[in-house]
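Written out below as structure tokens is the structure these notes cover.
The values are calculated or read from the model by the stated rules, or taken from the named source; none is laboratory data. Everything quoted here is computed from the prediction, not taken from an experiment. Calculation scope for accessible area: heavy atoms of the full protein, side chains included, ligands and nucleic acids excluded. Shrake-Rupley method; radii C 1.70, N 1.55, O 1.52, S 1.80 Å.
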Amino acid sequence: MSKVVLITGGSSGIGKSVGEYLIQKGYKVYGTSRNPNKIVNHPFNLLRLDVNSEASISKALQELISLEGRIDVLVNNAGMGITGPIEDTPTDEMRKVFDTNFFGAIDVMKAVLPSMRKQNSGLIMNITSIAGYMGLPFRGVYSATKGALELITEALSMEVKSFNIKIVNVAPGDFATNIASGRYHTPVFETSAYKEKYQENLDLMDAHVDEGSNPIEMAKAIHKIIESNNPKIHYKVGSFMQKFSIFLKRILPDRTYEKLLMNHYKL
């Protein structure tokens, strides 16, 4: 029997690439979008779901269960980016990103867990970020949302283990997607104390996304995790240097590592 996979944020980018790949491997794939009617010629079914609405999440899950009778894999991929100096970024915008990247992901997990408990099986994959392992300048809020999701995953993994449900994180590095277009960018204020450095780093961030890896690498990694009988809790998918930066943080003194980051971001 083909496994049923739900991918939040499945209309574009990593979510779309993962769905396309899993279909080729024989899975039944459903994606989600806030406005699925606006998306034409999509390679797999899209359900209407807004991770910021518990009613929307519940309705989408009920629809999926009525169609397939089960859900075997959740790929918690929906998210948004945010950039800006902490001092200049409106706190309300920070809350919106936490609502999507952190609380939204939690609400989707809470919605699928009853079905997974009933069938005594399931796999939840939270798509976090290598940025969640370190506080990056001008991306601190984004780093915080993904770091928080990493820790929630660790806790939930222990809570649901007796129900034969597995929870993992998959942290991508930079991939060539349209994520930059969906970010909240704090304006580069003329009077800002961070004006020049922030603008330089905005240009650097966009270049990193444009030069990022092919999302098919994430799709292959996720497929391998689904097929694993005993998956790890933490996975990193990215360039050697991106993954090596996490290792360096573990072994270097804090200020030494901070200096490396500041050199990289020209601060």
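Let a ≥ b ≥ c be the square roots of the eigenvalues of the Cα gyration tensor of the chain; is it rounded (a/c under 1.5), or, if not, prolate (a/b larger than b/c) or oblate? Mind dumping the intermediate values first?
Numbers: a/c = 1.85, a/b = 1.57, b/c = 1.18.
Prolate, since a/c reaches 1.5 and a/b exceeds b/c.
Leaving out ligands, DNA and RNA, what percent of the accessible area of the stretch 112-174 is carbon and sulfur, probe 1.4 Å?
On the way: 1250 of 2180 Å².
C and S atoms contribute 57 percent here.
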**Request:** Identify all aspartates and glutamates with a Cα-Cα distance to Lys243 below 12 Å; exclude those on the same chain that are fewer than 8 residues away in sequence.
**Result:** Asp174
**Item:** Degrees between helix 54-68 axis and first principal axis of the chain (Cα, 0 to 90, nearest 10)
**Value:** 40 degrees
**Message:** List the pairs from Lys38/Lys59; Lys59/Lys232; Lys146/Lys195; Lys236/Lys259; Lys236/Lys266; Lys146/Lys220 whose alpha-carbon separation is above 28 Å, in the order I gave them.
**Reply:** Lys59/Lys232
**Acute angle (nearest 10 degrees) that the helix 105-119 long axis makes with the longest principal axis of the chain, alpha-carbon atoms** = 20 degrees
**Request:** Kindly report the accessible area of the stretch 12-112 per residue (heavy atoms of protein chains, probe 1.4 Å, no ligands, DNA or RNA), in Å².
**Result:** 48 Å²
**Item:** Nearest 10 degrees, 0 to 90: helix 254-264 Cα axis against the chain principal axis
**Value:** 80 degrees
**Asked** Which whole-number percentage describes the relative contact order of the chain, with Cα contacts under 8 Å and a sequence gap of 6 or more?
**Response** 19 percent
**Request:** Pull up the cross-link candidates among the lysines for Lys118, meaning alpha carbon to alpha carbon under 17 Å and not fewer than 8 places away within one chain.
**Result:** Lys3, Lys110, Lys161, Lys166
